[in-house]
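Q: Sharing a structure below in structure tokens format, with a few things to ask.
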Amino acid sequence: YNTDHLEQKVQMLESSIKYYQTKTKEYPAIEKKIQAIEKVLNGNPDLKRQFEKEIQLQKQTQMQKSAKKPKFFK
């Protein structure tokens, strides 16, 4: 019985666990950044409006990009 492929699976799982652990460590810092940005935006209505426009534009272009994908990619 060949255990090579099992070893590979274990290694893949271990590396993905490590990857997600490092990612989740970054979350609090990202949260703080988001809060800081929101604080600035809430104190500046014009900037907030501009920011929300940008986000809407990005969402629209994302939607258009995903709509253009051929059916077999879904």
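Nothing in this text is a laboratory measurement; each read-out follows from the coordinates by a stated rule. Please read all numbers here as calculations on a predicted model, not as lab measurements. Note that each Cβ is placed from the backbone with ideal geometry, even for glycine, and that neighbours are counted across all protein chains shown.
Q: Taking only Cα atoms, what is the 0 to 90° angle, nearest 10, from helix 45-68's long axis to the longest principal axis of the chain?
A: Here the helix axis deviates by roughly 40 degrees.
Q: Which ³J(HN,Hα) values, rounded to whole Hz and listed in residue order, are derived for segment 20-30 from phi using the Karplus coefficients 6.51, -1.76 and 1.60 in 6.51 cos²θ - 1.76 cosθ + 1.60 with θ = phi - 60°, glycine and proline given as x?
A: Values per residue, Gly and Pro as x: 5, 5, 5, 5, 5, 5, 6, 3, x, 5, 5 Hz.
Q: Please state the charge dipole magnitude for segment 1-61, taken about the Cα centre, from unit charges on C-beta atoms (+1 on K and R, -1 on D and E), reported in debye and rounded to the nearest 20. Provide the component values of the computation, followed by the final result.
A: Values: 11 positive and 9 negative charges, 63 e Å.
I would put it at about 300 debye.
Q: Can you tell me how much longer the chain between Leu57 and Asn44 gets when fully stretched, taken as 0.36 nm per residue apart minus their C-alpha distance, in nm with one decimal?
A: Values: separation 13, 0.36 × 13 = 4.68 nm, distance 2.02 nm.
Length difference between fully extended and current span is 2.7 nm.
Q: Still on this structure, I have one more. Return the single residue from Gln56, Gln64, Gln35 with maximal mean-square fluctuation; model: Gaussian network over the chain, springs between Cα atoms under 10 Å.
A: Gln64
Q: Going down the table (Lys33/Lys53; Lys18/Lys53; Lys18/Lys39), which pairs top 31 Å between alpha carbons? It would help to have the intermediate numbers written out before the result.
A: Numbers: Lys33/Lys53 20 Å; Lys18/Lys53 37 Å; Lys18/Lys39 33 Å.
Pairs exceeding 31 Å: Lys18/Lys53; Lys18/Lys39.
Q: Towards the positive end of the charge dipole of the chain, with charges on Cβ (+1 Lys, Arg; -1 Asp, Glu), say which of Ile30, Leu6, Pro45 has the farthest Cα.
A: The listed residue farthest towards the positive side: Pro45.
Q: Next up: As a test of understanding, state the convex hull volume per residue of the chain from its alpha carbons, in Å³. Spell out each step's value before the answer.
A: Working: hull volume 7.8 nm³, N = 74.
Convex hull volume per residue, Cα atoms: 106 Å³.
Q: What distance in nm separates the two pseudo spin-label positions at Ala67 and Ile17, each 7 Å out from Cα along the beta-carbon direction?
A: 4.4 nm
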